[in-house]
Amino acid sequence: GVVETQEHYKSRWRSIWIMYLTMFLSSVGFSIVIMSVWPYLQKIDPTADASFLGWIIASYSIGQMVASPLFGLWSNHRPRREPLVISTAISAAANCLYAYVHVPHSHNKYYMLTARALVGFGAGNVAVVRSYIAGATSLTERTSAMANTSACQAVGFILGPVFQTCFTLIGEEGVTWKFLCLQLNMYTAPVLFGALLGVINIILIFAIFREHRVDDMGRQYKSINSDGEGSDALDQNTEGSIDHVAVVALNILFFVILFVFAVFETIATPLTMDMYSWTRKEAVFYNGIILSVIGIESVIVFMVVKTLSKKTGERAILHAGLLIVLVGFFILLPWGKKLPNIQWQEIKNNSFPRTAPSEMLVPFWSFPDLQLPSNHTAEPVGCPVTQSWCLNTPMIYLAQYISSDVLIGLGYPVCNVMSYTLYSKVLGPKPQGVYMGWLTASGSGARILGPVFVSQIYTHLGPRWAFSLICGVVVVSLLLLEIVYKRLIAFSVRYGRMQE
């Protein structure tokens, strides 16, 4: 490796900043429409029900799960710019498709499903982003760069709904341009804005992004994907095999971390409606505030973790993060004597659509605002009798719920960054595209299964079962971390080229 020039250093960090931006935009692409998917779906296709909405929400993660390993493989063998530009273009095109799903005369809900799945497919590029950042940073820079990447992703998730809220000012009707068949309204404006951001991102990738690779010490080598020269310098450094036990363990841990968070997000609305007799509107509003606060909390945590990990090392912090999450869910277990208010009034002749368990598949932000028939002045609130556990499970106090929110909001971002950082260090100097693809895919899988788990266990067995099982899963993952703890070390350290 060659010692790095000032020019190379600047160019390398400019490219990394473009990767941060790509990460931010891909998560904005996910969250910018989440709150409006359900009303838009009802507007374009009255045949769609709440369980179909569950599929539309999940389709993004399914698309990402399929695409991540593919884009990762592509980025290992070709210049990274190719998969980055193509994936961003797919997302932008899919966003435009989403703006036009009202045009066809039938099957509109399937066009919408396809659009969201393709946006998710394009978001498979986060595997390329993470593998690029892993290859373009030295070991000492890595934790900080990974934390910044996760922070950009978190900020994207927080700002998406904020953008959406601003676009509601346009209203449901908005402006119609006949010659383009385009309706610009509160449902289509956000995605078109997302598509515009995608185009800007592509321009920046062409203008500023360059291929850079440095070894664990930070010495530069010629990129293997650019011209095949300079690969001999690389070979001496990459001798030795990757520790696959550590790789699999980290994939499992990452799956658990994202699964637990997806469950937590999904359960917020139904749980607060059952326990505190909140209406749908109140539940969406209050939980929206709580989640924004958690988002801000997590961005602060990302920044603190960067300095903290230099003192204690990543493994200890991952361990602490999992313990905090465990305590967070343990607090949620129902204690005490007081039962929640029961929603007795069963509505005659089904004039009021009951919240079916399938609706629980939907994360809280997209909870349907059901229209009430005029003969009912108020929507029934409290714990529905159809969930038999409501009659004998003590309520979870608001203080319990808020404390648990704070703890999970602290533990989750810690675990997220540390698992990515450890993973990239364990993999070492070889191109990490495919491996990062698998990690991203296991995260997407968790985001699909989490809501399904909640809808079944919580609805049928209640919070005591749901949260006990989650605690069990976290305990098992802590044991797994104990077992592989000694193996979670950087590739260079494992082969004695560097000291910890």
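The values are calculated or read from the model by the stated rules, or taken from the named source; none is laboratory data. The model shown is predicted, which means the values in this text are computed figures rather than measured ones. Note that each Cβ is placed from the backbone with ideal geometry, even for glycine, and that neighbours are counted across all protein chains shown. Areas reflect the complete protein model, heavy atoms only, side chains present, ligands, DNA and RNA absent. Shrake-Rupley method; radii C 1.70, N 1.55, O 1.52, S 1.80 Å.
Per-structure values
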{"read-out": "Condition check for Met303: buried (at least 17 other Cβ atoms within 10 Å of the Cβ), part of a helix (DSSP H, G or I), touching a residue at least 12 places away in the same chain (Cβ under 8 Å) and in contact with a helix residue (DSSP H, G or I) (Cβ under 8 Å, 6 or more places away or on another chain)", "value": "no"}
{"read-out": "Every residue from the stretch 21-77 that is closer than 30 Å to Glu173 by Cβ and of a type in the set (Ser, Thr, Tyr)", "value": "Ser27, Ser31, Ser36, Tyr40, Thr47, Ser51, Ser59, Tyr60"}
{"read-out": "Residues (among the hydroxyl-bearing types (Ser, Thr, Tyr) and either closer than 16 Å to Val256 by Cβ or open to solvent by 10 Å² or more (accessible area, probe 1.4 Å) (or both)) located in the stretch 449-471", "value": "Thr459, Ser468"}
{"read-out": "Residue in the stretch 205-225 that is on the phi > 0 side of the Ramachandran plot, in a loop (DSSP other than H, G, I, E, B) and either open to solvent by 20 Å² or more (accessible area, probe 1.4 Å) or modelled with pLDDT of 85 or more (or both) present", "value": "no"}
{"read-out": "Residues of the stretch 82-121 classified as assigned to a helix (DSSP H, G or I), of a type outside the set (A, V, I, L, M, F, W, C) and open to solvent by 50 Å² or more (accessible area, probe 1.4 Å), total", "value": "4"}
{"read-out": "Single condition Ile56 does not satisfy, out of (1) farther than 17 Å from Ala189 by Cβ; (2) open to solvent by 60 Å² or more (accessible area, probe 1.4 Å)", "value": "(2)"}
{"read-out": "Residue tally, condition modelled with pLDDT under 85 and of a type in the set (D, E, K, R), over the stretch 426-459", "value": "1"}
{"read-out": "So Ala134, is it in contact (Cβ under 8 Å) with a residue 40 or more places away in the chain and either within 18 Å of Ile489 (Cα to Cα) or open to solvent by 10 Å² or more (accessible area, probe 1.4 Å) (or both)", "value": "yes"}
{"read-out": "Total residues in the stretch 379-420, condition among the acidic types (Asp, Glu) and surrounded by fewer than 18 Cβ atoms within 10 Å (Cβ to Cβ)", "value": "1"}
{"read-out": "Conditions (1) open to solvent by less than 40 Å² (accessible area, probe 1.4 Å); (2) assigned by the TED database to the domain that holds Tyr20; (3) modelled with pLDDT under 80: number failed by Asn185", "value": "(3)"}
{"read-out": "Any pair with Cβ under 7 angstrom, 6 or more apart, that starts in the stretch 45-73 at a residue that is in the same structural domain as Gly445 (by the TED database) and ends at one that is outside any helix (DSSP H, G or I) and surrounded by fewer than 20 Cβ atoms within 10 Å (Cβ to Cβ)", "value": "none"}
{"read-out": "One residue from Phe179, Phe193, Phe167 being assigned by the TED database to the domain that holds Leu21, open to solvent by 40 Å² or more (accessible area, probe 1.4 Å), free of Cβ contacts under 8 Å to residues at least 60 places away in the same chain and within 24 Å of the chain's Cα centre (by Cα)", "value": "Phe167"}
{"read-out": "Residue within the stretch 47-63 that is hydrophobic (A, V, I, L, M, F, W, C) and modelled with pLDDT of 90 or more present", "value": "yes"}
{"read-out": "Residues located in the stretch 277-296, provided they are assigned to a helix (DSSP H, G or I) and open to solvent by less than 40 Å² (accessible area, probe 1.4 Å)", "value": "Arg280, Ala283, Val284, Asn287, Gly288, Ile290, Leu291, Ile294, Gly295"}
{"read-out": "Pair list, Cβ < 9 Å and 6+ apart or interchain, from the stretch 404-416 residues that are not assigned by the TED database to the domain that holds Ile290 to residues that are assigned to a helix (DSSP H, G or I) and among the aromatic types (Phe, Trp, Tyr)", "value": "none"}
{"read-out": "Condition check for Tyr435: within 24 Å of Met303 (Cα to Cα) and buried (at least 24 other Cβ atoms within 10 Å of the Cβ)", "value": "no"}
